[in-house]
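Trainee: Following this message is one structure expressed as structure tokens.
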Amino acid sequence: MPSTSETGHAKNVANFQDLIAFVTGYGATYNPSKNALKLPQLTALATASQASLADVITKNTAYNNKVNERVAAFSNLKTLSTRVINALQSSDATKEKIADAIAFNKKLQGVRAKATTTTTTTTDPNEPAPKTISTSQQSYDQQIQHLAGLIAVLQSETSYTPNENDLKITTLTAKQADLTAKNNAVATAYTNVSNSRIARNTTLYSAEGSIFDVASDIKKYVKSIYGATSPQYAQVKSIEFKKPRI
């Protein structure tokens, strides 16, 4: 489910649309001198706000897809690493070299177990990406490095020549490259959604002329036209705009 803060942004934009509908209904009486309060500018701001919400959802969807792709790519690494050790043990490798490989395998097993508990996958396009890069990102980085170390040990052992394609050094090297690419894609997607949130928050709350500020000015203007006890002011006064924790 979307977080409370994410839905709060959408509610503010919807309320801004309601506010525009009310002041439009006032006809020629609604005639502010401030340019930002005029109807064309209000409509443009509402459109920009809706676009910023849509962009965050799009970027969230892309992020979630990349996270899921990474999880799938890493899903067999633990088992694959153990199979590699078994294949190396069946070669003419020395005990010392096997021990080096086992050390990297142990690190892969341990890092993978931790990453599983810190990684969230979802197919909900509205599920927000985390506010900060998660510890799982670093865990995946470490797994790639441990795999690289294991491959280096294999490359130094001339007797390691398995017939199984997925255990061959060339295949493992390609696997490492694919894992790196998918891990980097998650980082890029995270950056994109983070930047999209910043742009949305600027439009809704931070910039001069944001809907948060403009809505407040509209209410003041309506109050100045009709008075504090007027039904018109009661209409717009009741429309709430809350700034979520961002």
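The values are calculated or read from the model by the stated rules, or taken from the named source; none is laboratory data. Since the model is a prediction, treat every value here as computed from it, not as a measurement. When we count neighbours, we look across all protein chains shown, and the Cβ atoms used for this are built from the backbone with ideal geometry, even at glycine.
Trainee: Filter the stretch 145-171 down to the residues that are in contact (Cβ under 8 Å) with a residue 24 or more places away in the chain and under 12 Å from Phe104 (Cβ atoms) and list them by number.
Mentor: His146, Leu147, Ala148, Gly149, Leu150, Ile151, Val153, Leu154
Trainee: Looking only at the stretch 188-238, which residues are at pLDDT 95 or above and either on the phi > 0 side of the Ramachandran plot or not in a helix (DSSP H, G or I) (or both)?
Mentor: Of everything in the stretch 188-238, those that are at pLDDT 95 or above and either on the phi > 0 side of the Ramachandran plot or not in a helix (DSSP H, G or I) (or both) turn out to be Gly227, Ala228, Thr229, Ser230.
Trainee: Now a separate question. Which one is nearest to Asn68 (Cα to Cα) among residues in the stretch 178-197 that are within 8 Å of the chain's Cα centre (by Cα) and small (Gly, Ala, Ser)?
Mentor: At the first step, the residues of the stretch 178-197 found to be within 8 Å of the chain's Cα centre (by Cα) are 189-194.
After this cut, where a residue has to be small (Gly, Ala, Ser) as well, the list is 189, 194.
Details: Ala189: 12, Ser194: 18 Å.
Among them, the one singled out is Ala189.
Trainee: Give just the number: which of (1) surrounded by 18 or more Cβ atoms within 10 Å (Cβ to Cβ); (2) assigned to a helix (DSSP H, G or I) does Tyr160 not satisfy?
Mentor: Just one mismatch for Tyr160, condition (2).
Trainee: So which residues in the stretch 203-235 are surrounded by 14 or more Cβ atoms within 10 Å (Cβ to Cβ) and β-branched (Val, Ile, Thr)?
Mentor: Selection gives Thr203, Ile211, Val214, Ile218, Val222, Ile225.
Trainee: Among the numbered criteria (1) part of a helix (DSSP H, G or I); (2) under 30 Å from Gln50 (Cα atoms), which one does Ala181 miss?
Mentor: (2) is the only condition that Ala181 fails.
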